[in-house]
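Report on the following structure.
The values are calculated or read from the model by the stated rules, or taken from the named source; none is laboratory data. Values in this document were obtained by computation on a predicted structure and should not be read as measured data. Ideal geometry is used to build each Cβ from the backbone, glycine not excepted, and the neighbour counts take in all protein chains shown. Accessible surface areas use protein heavy atoms only, side chains included; no ligands, DNA or RNA. Shrake-Rupley method; radii C 1.70, N 1.55, O 1.52, S 1.80 Å.
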Amino acid sequence: MIQPHRALSALLLTSVLALAPGCDDAEGGAAGLVDTWEGDAIDAVDDADATDGPPTLVGTPAAGTVRAGIVRDASELIGGPKAEGELGDLKIENAQVRFVVEGARFAGGYRNYGGHVIDADVARPAGEPGGDRFGELMVSWNLTVFVPERAEVLDDGTDGVARLAVSGHAAPYAWPDSFLTPIFSPDPVSLDVRYEYSLGPDDTALRLDVTIVNTDAAPADVRLPLLLTNHGDGAVPYAPGAGFSGFGSSRDLSWFGAIGRDLAYGVMHDADDVTPVASYAALDLLLMPSFVLAPGASHRLTLWYAVGTDGTSSLERAFARVRGDAAGLGAVAGTVTFPAAVAPRDGWVVARARGAVEAIVPIDADGAFAADLPPESYELVAYAPGVAASTPTAVEIAAGSTAGVDLVSAPAGVLRLSARDADGAPVPAQLTVFRTGDTPAPWAPDDARFDDAWGHDISAVGFALPGETLDLVVPPGTYRVVASRGFSYTLDEAPALTVTPDGVTERAFTLTRVVDTTGWAAADFHIHGRWSQDSNVAYETRMRQAAANDVTLPILSEHAYIGDARPTIAALDLGELLATVPAQEVTTFEYGHFNAFPLAFDADAPSHGAVFEHGHAGTELFAAIRAQGPGDRVIQVNHPRGGDFGSYFDTVGLDAVTGAVEAQPERWTEDWELLEVFNGRCVGKDENDRTLADWFAMNDRGFRRTLSSGSDSHAVQKPIGVPRSWVQIERAAVAAEPEALLAPLRERRAFVSCGPFVRFATPDGVGIGGRAATDEAGEVRFDVVVEAPPFLDLAEVRLYENGAVVARFDLDEEPAPPADPARPALRFEREITAHPARDAWYVVEVVGRGDGAPVAFGQTPYAMTNPIEVDADGDGAWTPPAGQR
């Protein structure tokens, strides 16, 4: 789910009207402008891939040389965690850096079309895997998009400079057209656009000259010249003076970037000013000075892309060289002494001036670090995962000289933790470490921390796979450690483990399965990971979380991309524990978000073959989802209530009681199967309560849609599988055939849970999603069984008939079920008799107290089933209650 819409629109509007720099007129032939485009193409590709001929862009160019060409073989691509280059794209590189520029093609992400830098990396020795983590950067004029028509190699580097060109035009941009263009109504513009990239043999920054020409007979008032930048997956958005705290708090946006522990990216521009106007997660919109173009006049913007392995130092050096003031930088160098348990390469040094972050640089394996900085007084602090900050150390940086500073890290020790089941067999587990007393926290401040911090006095969380022993680094002190494995196992707790400096404290935990879930699979249909622009969680982490929390069907539903964790499951050897299917959260910024699965994943297609989410009239989007690829799939309406553009029911104006649609009837369709009633939590969310009322009303009308859920987790600190949907299917069946998941979902053989496991059926075996009949006495009997691990506090079990409670059972007053060694977690078992006067539907609800920590912090235990319909009049059919009134 994305929730920036109302805030984004209001902020952007305010910024445009109040903060936009003054307009300038740009006339053809003015200083700094380009009137003609020169250079003959020596190699070009239009829409088709040019893949003939032997690969010539393999390996690293020799020192002092540069080259460019069309990627004709997969071996010429860069590769890496976020690599998206394709055959037919353009590559430009020297002995220091390398870039892939998309050809004239459709592209993924939010840019939609090619012509942009899509992959960037440092030069690497032959055989070393690529490290691309670059997201995307694009330019827009009055909310238009660059549509390339021709991509070409102007100079292949033989003459000392490599140059690429991508030319095309500005066109309507479906993404902002769906929600921003109607608000701002910018003047339409008719622009020819040319991107020209150039790289010299010794450059560490790729130059991009963006030239636009007004082809209209009237002046073009470009009030909204924008840069859109989107990064993630280990490269965190960074701005000088703000660090990782957001572009809006930066002192200077003459350059900005994204810093990772292994690679750093930066973009410098020659615009007079840029103003941050909207930000959500790793996506930022930056407004440049507006201008007016006379007919035939041109305007040029120059950008420089830098990449390096030395954090912000790589970028400072590259941009100082571009500016011609490299001699104006100074430096600091030294070593950091870490505890024995800490690998220095995991650490980083932060330099602050007057409290603001001015540099973040990595530390080498031997503890050495260096930072290039403008002359100034700084304070240096070293950080590493699991270690408190080092003592701040002051240093004065002078131009042209290097100051020496050595830092000593705070002390640390190790918790060595593992888990087994009651029979001694290794099991996956979540290992949650709580600090107690005055034990210091290990987290760096928000503006200098690569990963989110855990709350609840948590100092570390590990997700152990079967047989793994985890070494969790923590500051010296006393800790309470809890081992867990979802809601079907007991907890095991060590209330007071003491960690000493450089010491190792070991503990093995035992987890006992107390709920037998045979025949059911725990699914989370709504998980985000590295390919969503608002998530930075690696797929390996997600699958570790799933195994450790007994989520057997973890489904990655990415924004704008198809997510597919099957290769990750295979790489981690988790095939006996987990299965998944490719999925997407089809995310409009206009009328709703819709999960779709299983989809056809294509690693070589833009956005992995995702459904293009924008520019669809009426209900065309649903048809596009159905036609995404071969085979069958289901559609889930996500978080339909909430009042913003991600809320389908609110946007179209659905009255679930009558089925009438008032606001946008042209957008309404019944072509979907699942309703995400419980988004993010089970209890305590008004939007969910409203959706539950909708679902009750739909059942009353006979509009059968499956009660569903999703964690909608974007961060590792937000547990997956809370809530979870238990589906009546074995994991192995889904692993063998992804479409096997569809039948039980369409038949509503599922229930939602934030803890309790519920069995709901008639004595003759009609279960959840089925249809039963009354007996000769006009009665129907239900067997209701509720199980839950000891750490969950359950309060009440309720039976609903047609949306109203007809029986409730206070578990504090109910006699405890007889002890059953086969069902040690049994909390409630009863045969409940109902007396429907006419055809009816029934669901079971379980309500708890407190929370489910550490499996589900702040989440009240809860469960609700899909319905069993009852034919009360014996006609062999089922008449919806609303039709009987």
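Determine which lysines satisfy two conditions relative to K91: a Cα distance under 17 Å, and not lying fewer than 8 residues away in the same chain.
The qualifying lysines are K82.
Net charge near T181: determine it from the other residues with C-beta under 13 Å of the C-beta of T181, scoring Lys and Arg +1 and Asp and Glu -1.
On the way: positive: R223; negative: D177, D187, E590.
It works out to a net charge of -2.
Once the Cα gyration tensor of segment 741-870 is found, what semi-axes does its equivalent ellipsoid get, as square roots of 5 times the eigenvalues, in whole Å, sorted largest first? Don't jump to the answer; show the numbers that get you there.
On the way: eigenvalues 128, 59, 38 Å².
Each semi-axis is √(5λ); the values are 25, 17, 14 Å.
Can you tell me the orientation of helix 312-323 relative to the chain, as the angle in degrees between its alpha-carbon axis and the longest Cα principal axis, to the nearest 10?
On a 0 to 90 degree scale, this one is about 30.
Work from the charge dipole of the chain (Cβ charges, +1 for Lys and Arg, -1 for Asp and Glu, about the Cα centre) and give the residue of P445, V322, F291 farthest towards its positive end.
Working it through, the farthest residue towards the positive pole turns out to be P445.
Please compute the modelled spin-label separation between A795 and A822, points set 7 Å along Cα→Cβ, answer in nm with one decimal.
Reported label-point gap for A822 and A795 is 3.4 nm.
So between D783 and A74, what do we pick up on full extension, going 0.36 nm a residue minus the alpha carbon distance?
Numbers: separation 709, 0.36 × 709 = 255.24 nm, distance 5.92 nm.
Full extension from D783 to A74 adds 249.3 nm.
Just from the alpha-carbon atoms, what are the Rg and Dmax of segment 178-256 in angstroms?
17.1, 47
Could you let me know the centre-to-centre spacing of segment 761-801 and segment 335-359, using Cα atoms, in angstrom?
Using only Cα atoms, the two centres lie 58 Å from each other.
What angle, in degrees between 0 and 90 and rounded to the nearest 10, separates the Cα long axis of helix 5-18 from the longest principal axis of the Cα atoms of the chain?
30
Using only the alpha carbons of segment 90-201, what is the convex hull's orientation-averaged projected area in square nanometres?
Working: hull surface 31.6 nm².
Average of the hull's projected areas for segment 90-201 equals 7.9 nm².
Under unit Cβ charges (Lys, Arg +1; Asp, Glu -1), what dipole magnitude, rounded to 20 debye, does the chain have relative to its Cα centre?
Working: 63 positive and 128 negative charges, 344 e Å.
Its charge dipole is roughly 1660 debye.
Averaging over all projection directions, find the projected area of the Cα convex hull of the chain and quote it in nm² with one decimal place.
Numbers: hull surface 154.5 nm².
Over every viewing direction, the Cα hull of the chain projects on average to 38.6 nm².
Return one whole number: the accessible area per residue of segment 169-258 in Å², for a 1.4 Å probe. Before the final figure, lay out each step's value.
Details: 2730 Å² over 90 residues.
Here the residues of segment 169-258 average 30 Å² of exposed surface.
Between the helical axis of 539-548 and the dominant principal axis of the chain, each derived from Cα atoms, what acute angle in degrees is found, rounded to the nearest 10?
With rounding to tens, the tilt is 20 degrees.
Where in segment 491-510 is the amide nitrogen less than 16 Å from a point lying 7 Å along the Cα-to-Cβ axis of T469?
503-510
Using R₀ = 22 Å, calculate the FRET efficiency as 1/(1 + (r/R₀)^6) where r is the Cβ-Cβ separation of D202 and T302; round to 0.05.
Computed FRET efficiency for D202 and T302 comes out at 0.70.
Give, in whole angstrom and from largest to smallest, the semi-axes √(5λ) of the equivalent ellipsoid of segment 500-554, with λ running over the eigenvalues of the Cα gyration tensor.
Details: eigenvalues 147, 110, 7 Å².
Equivalent ellipsoid semi-axes, largest first: 27, 23, 6 Å.
Please provide three numbers in whole Å: the alpha-carbon extents of segment 52-149 along the principal axes, with the largest listed first.
Computed over segment 52-149, the largest-to-smallest principal extents equal 43, 28, 24 Å.
Just report the Cα centroid separation between segment 510-572 and segment 360-416, whole Å.
37
Classify segment 652-785 as rounded, prolate or oblate from the Cα gyration tensor: take a ≥ b ≥ c as the square roots of its eigenvalues, call it rounded if a/c is under 1.5, otherwise prolate when a/b beats b/c and oblate if not.
On the way: a/c = 1.57, a/b = 1.11, b/c = 1.42.
Verdict is oblate for segment 652-785.
What are the equivalent ellipsoid semi-axes of segment 560-682, built from the alpha-carbon gyration tensor (square roots of five times its eigenvalues), in whole angstrom, biggest first? Working shown, then result.
Working: eigenvalues 165, 57, 28 Å².
Gyration-tensor ellipsoid for segment 560-682: 29, 17, 12 Å.
For D873 and D516, what is the calculated FRET efficiency with R₀ set at 30 Å and r taken between the beta-carbons, to the nearest 0.05? Walk me through the intermediate numbers first.
Working: r = 37 Å, r/R0 = 1.25.
Rounded to the nearest 0.05, the efficiency is 0.20.
Let me check I've understood the local charge: for E814, count other residues with C-beta under 12 angstrom from its C-beta, Lys and Arg +1, Asp and Glu -1. What total comes out?
Details: positive: R808, R827, R830; negative: E796, D810, D812, E813, E829.
Local net charge: -2.
Pulled fully out, how much extra length does the chain show between A326 and E128, if you take 0.36 nm times their separation in residues and subtract their Cα-Cα distance? Write down the numbers at each step before the final one.
Values: separation 198, 0.36 × 198 = 71.28 nm, distance 3.06 nm.
Between A326 and E128, full extension yields 68.2 nm more.
In percent, what relative contact order does segment 832-885 have, based on Cα pairs under 8 Å that are 6 or more apart in sequence? Could you put the intermediate results ahead of the total?
On the way: 74 pairs, mean separation 21.4, N = 54.
Computed over segment 832-885, the figure is 40 percent.
Taking 7 Å along the Cα-to-C-beta vector as the label spot, tell me the R849-E666 distance in nanometres, rounded to one decimal.
Result: 5.4 nm between the two label points.
What does the charge add up to near D421, with Lys and Arg as +1, Asp and Glu as -1, over the other residues with Cβ less than 15 Å from its Cβ? Could you put the intermediate results ahead of the total?
Details: positive: R420, R485, R513; negative: D423, E468, D492, D516, D550, E576.
The answer is -3.
Set the Förster radius R0 to 51 Å, insert the Cβ-Cβ distance between T498 and D273 as r into 1/(1 + (r/R0)^6), and round the FRET efficiency to 0.05. Let's see the in-between values first.
Working: r = 55 Å, r/R0 = 1.08.
After rounding, the FRET efficiency stands at 0.40.
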